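Here the structure comes first, spelled out in structure tokens, and everything after it is commentary.
The values are calculated or read from the model by the stated rules, or taken from the named source; none is laboratory data. On a predicted model such as this, the values are computed, not experimentally measured, just so you know. Counting neighbours? That spans all protein chains shown, and the Cβs are built from the backbone with ideal geometry, glycine included. Side chains included, ligands, DNA and RNA excluded: accessible areas come from the protein's heavy atoms. Shrake-Rupley method; radii C 1.70, N 1.55, O 1.52, S 1.80 Å.
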Amino acid sequence: MECTAGMTAQKPSVVIQPQTGLFQLDLLSVWQYRELLYFLIWRDVMTRYKQTAIGAAWVVVQPLINMLIFTFVFSRLAKVPSDGVPYPVFAFAALLPWSYFSQALSKASGSVVTSANLVTKIYFPRLLIPLAATLAPIVDMFFSFLVLLLLMLWFNVVPSWGLITLPFFILLAVLTALSVGLFTSALNVRYRDVGSIMPFIAQVWMYVSPVAYPVSMVPEQWRMIYSLNPMVGVIEGFRWALLGTTPPDPALMAVSALALLFFCLAGTVYFKAMEQSFADVI
Amino acid sequence: MSNIAIHADQLSKRYTVATAKYRHDTLADQLADSVKSVFRRLRPNATENRTFWALKDVSFEVREGELVGIIGHNGAGKSTLLKVLSRITQPSSGRAQIYGRVGSLLEVGTGFHPELSGRENIYLNGAVIGMKKEEIRRQFDAIVDFSEVGRFLDMPVKRYSSGMYVRLAFAVAAHLEPEILLVDEVLAVGDIAFQKKCLGKIGSVADGGRTVIFISHNMTAINSLCNRVLWVDNGQIIDDGPATQVVSRYLAKATDDGELSEETWDRADEGPGTDTVRLKRVRVQRLDGDQSEPLTMETPFKIEIEYWNLVADARLHITIHLYTPEGIVAFTTGCQNSQPLPAGLLRSTGYIPGDLLNSGIHRFVVLVVKDSSSVLFTHESQVPINILDVRQREGSYGKEPGVVQPRLVWTTELLDFSPDSSCQSEYSPYLSMQAA
């Protein structure tokens, strides 16, 4: 239109048009909305245990009960070895990242659908939704971590210097949950089946991860394929950093990390492509 | 001329009916559907039938500081347009450029969490609608004041009454200070007093030089707030101009559709009545101007009753009971003639002055009375009297209460000077004015 002629000097702050390329990830806007990300995480944390009798204690009760069951079933009944550390500590060190991961994965998968009221009424980068859902359970992990320290004190287990690498393994766990969550949360918008299938996937995933047993029990020839599961590296890393068990293979970790970055990118691309129809389909 | 705030160029939004159908779909349905679609592909037109355009080639410009109303029927595409402009959904084609920070209010209380307290929700909701934390902190007291729920600030909002909830939610929204504000019909909730407060706030946003786009079905509000109105119908802008003009054209169209302005009975024995009197025609007419123009509160009009008097020298009185939209009789009026009427087709006309009735769809009942005492028959007229409120008023945006809204003479006079001499000079000793 000709009347816009005088406007050419000013740059539009927003241009609205159909999205074309696959790789317009617009990650900058995620950064611009970081305050909202913070509030979404804060909301998740604040509301998780509202109106429960023992409140935030659930955060530690769940992995503790799991640990007791594992100790009884795997250690006492099945006589599973535990890499030379007391089995309860051995199991809890793995349950720490695993509880986080399963929590984050299930929250992330349902996140976009449960945020339907936001998605249909307000604009913000939709990536914030699964991102907040995967980040919020880190707070839970922190509390469980304190319990683990008590357990270690009780069983006289001293952490190695590898403790400083723990943030790296936490990051890997977050990336794993996020990568899968990006796919499942977007898919869930169109197919609610995802909600039913995720608990099952999480359960199978746990058995192919060394939560209840050490990696050393996996036959040598399967070890390579087994390690494709990024949670193997995460759990091994946690055990090594906290309990000083055998360190994970650095080469394997690097491959794992790279593969994760790739999956995370692919998840983001998929999410962004699906995102356009969220408000119309949800 | 001020700068452009929004420039929309041929925005279109296509929905496939199938997309709507996928809602809460399952993979099993999807598989079944894929099988069906194999057959569907054999029919070339099939996919075209399943799409509809919620918006089709919508182009317009809004300048900085304009307060633009969007009106139209439900499903006309108003909300879709707002959703596209606020980036909730993407256009299928076309392009829009927005110059400035956009805030959109498609709903009050988006993101409110019932378990969180009022205080916490102010922060959460503020962040959701696009306020910075610092901004919320700065405005916090103002928000609480506006909401009038200060005492309950630390109570979870699930324990709030719906009125308190809405007030708090709107209070947050009202303190959003974007350069461009997009507002959907969010004010259909809450009590009248609070609605007025909110509309006043929107008005002051625009006075502050910011741009507002406002969807409403409240024509009074649109008229009072907006300088310009876009009328959206069938996904297209079919009218664009000064608020009062577009609103009255829109309302005229709305009254045209399916509403009759008269009842007639062709044959003398068809109409309602008795052996002695039978109605021929009942109609409502403006006293002057184009009959296709709508009736507004100011318009004088007449009700004409044509009837066959089949018995010479009957003493008949036509009486009308006029009902307000609420079903209350606003008044009864009847012709006063005491002369006997000749046999034949007669017409009695009642004249209703302007500035008398309140707005809304009024109905009336015609009574034919004989000898001032016995009601021969009553006829509930199907002709609606739709009185529109298109007055432009300051600070008032809704229907005033009252069975009628007469315009009366008012005077105000100064009886004594104030002991505080400072304000003396402002007033002349005697003021007289007619209240609007």
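Descriptive notes on the structure:
- Residue that is least open to solvent (accessible area, probe 1.4 Å), among those in region B:364-389 that are over 15 Å from B:H321 (Cα atoms) and assigned to a loop (DSSP other than H, G, I, E, B): B:D389
- Selected residue [of a type outside the set (F, W, Y) and more than 30 Å from B:I129 (Cβ to Cβ)] from A:L28, A:L64: A:L64
- When we screen A:L68, A:L27 for residues that are closer than 28 Å to A:Y123 by Cα, more than 14 Å from chain B (Cβ to nearest Cβ) and among the aliphatic types (A, V, I, L, M), the only hit is A:L27.
- Put simply, of B:G118, B:G150 the only residue that is crowded, with 23+ Cβ neighbours inside 10 Å, over 29 Å from the mean Cα position of the chain (by Cα) and of a type in the set (G, A, S) is B:G118.
- Region A:148-246 holds helices (runs of 4 or more DSSP H) entirely within its bounds, and those carrying 3 or more residues that are open to solvent by less than 20 Å² (accessible area, probe 1.4 Å) and within 14 Å of another protein chain (Cβ to nearest Cβ) map to A:166-190.
- Residue in region B:101-111 that is open to solvent by less than 50 Å² (accessible area, probe 1.4 Å) and more than 30 Å from the chain's Cα centre (by Cα) present: no
- Subset of region B:330-358 that is under 23 Å from the mean Cα position of the chain (by Cα) and not polar (S, T, N, Q) - its residue that is surrounded by the fewest Cβ atoms within 10 Å (Cβ to Cβ): B:D355
- Filtering B:G289, B:G271 for residues that are under 19 Å from B:D389 (Cβ atoms) and free of Cβ contacts under 8 Å to residues at least 40 places away in the same chain leaves a single hit, B:G289.
- Unique residue being under 22 Å from the mean Cα position of the chain (by Cα), in a strand (DSSP E or B) and either assigned by TED's automatic domain parsing to the domain that holds B:S374 or exposed (fewer than 14 other Cβ atoms within 10 Å of the Cβ) (or both) when the list is B:I320, B:I361: B:I361
- Restricting region B:203-253 to residues that are within 22 Å of B:E179 (Cα to Cα), assigned to a helix (DSSP H, G or I) and without any contact (Cβ under 8 Å) to a residue 24 or more places away in the chain, the residue that is most open to solvent (accessible area, probe 1.4 Å): B:D207
- Any chance B:G289 is open to solvent by 20 Å² or more (accessible area, probe 1.4 Å), touching a Cys at 6+ places or on another chain (Cβ under 9 Å) and either over 30 Å from B:Y250 (Cα atoms) or of a type in the set (G, A, S) (or both): no
- All told, A:A251 meets the bar of being without any contact (Cβ under 8 Å) to a residue 60 or more places away in the chain, more than 19 Å from the chain's Cα centre (by Cα) and away from every other protein chain (no Cβ under 14 Å).
- Count of region A:73-115 residues which are open to solvent by less than 30 Å² (accessible area, probe 1.4 Å) and not polar (S, T, N, Q): 21
- Of all residues in region A:255-282, those that are open to solvent by 50 Å² or more (accessible area, probe 1.4 Å) and more than 14 Å from chain B (Cβ to nearest Cβ) total 7.
- The number of residues in region B:153-169 that are under 27 Å from the mean Cα position of the chain (by Cα), farther than 19 Å from A:L36 by Cα and not polar (S, T, N, Q) comes to 6.
- Which numbered condition B:L346 misses (of (1) assigned to a strand (DSSP E or B); (2) modelled with pLDDT under 85): (2)
- Some residue of region B:108-127 being assigned to a helix (DSSP H, G or I), touching a helix residue (DSSP H, G or I) at 6+ places or on another chain (Cβ under 7 Å), within 14 Å of another protein chain (Cβ to nearest Cβ) and hydroxyl-bearing (S, T, Y): yes
- Hits in region A:132-144 - residues which are part of a helix (DSSP H, G or I) and buried (at least 19 other Cβ atoms within 10 Å of the Cβ): A:A132, A:A133, A:T134, A:L135, A:P137, A:D140, A:M141, A:S144
- Summed over region B:51-94, residues that are more than 16 Å from B:G235 (Cβ to Cβ) and more than 14 Å from chain A (Cβ to nearest Cβ) total 4.
- Selected residue (only one of B:G150, B:G103, B:G200 is more than 14 Å from chain A (Cβ to nearest Cβ) and in contact (Cβ under 8 Å) with a residue 40 or more places away in the chain): B:G200
- On inspection, A:V59 qualifies as open to solvent by less than 70 Å² (accessible area, probe 1.4 Å), modelled with pLDDT under 85 and in contact with a Ser or Thr (Cβ under 7 Å, 6 or more places away or on another chain).
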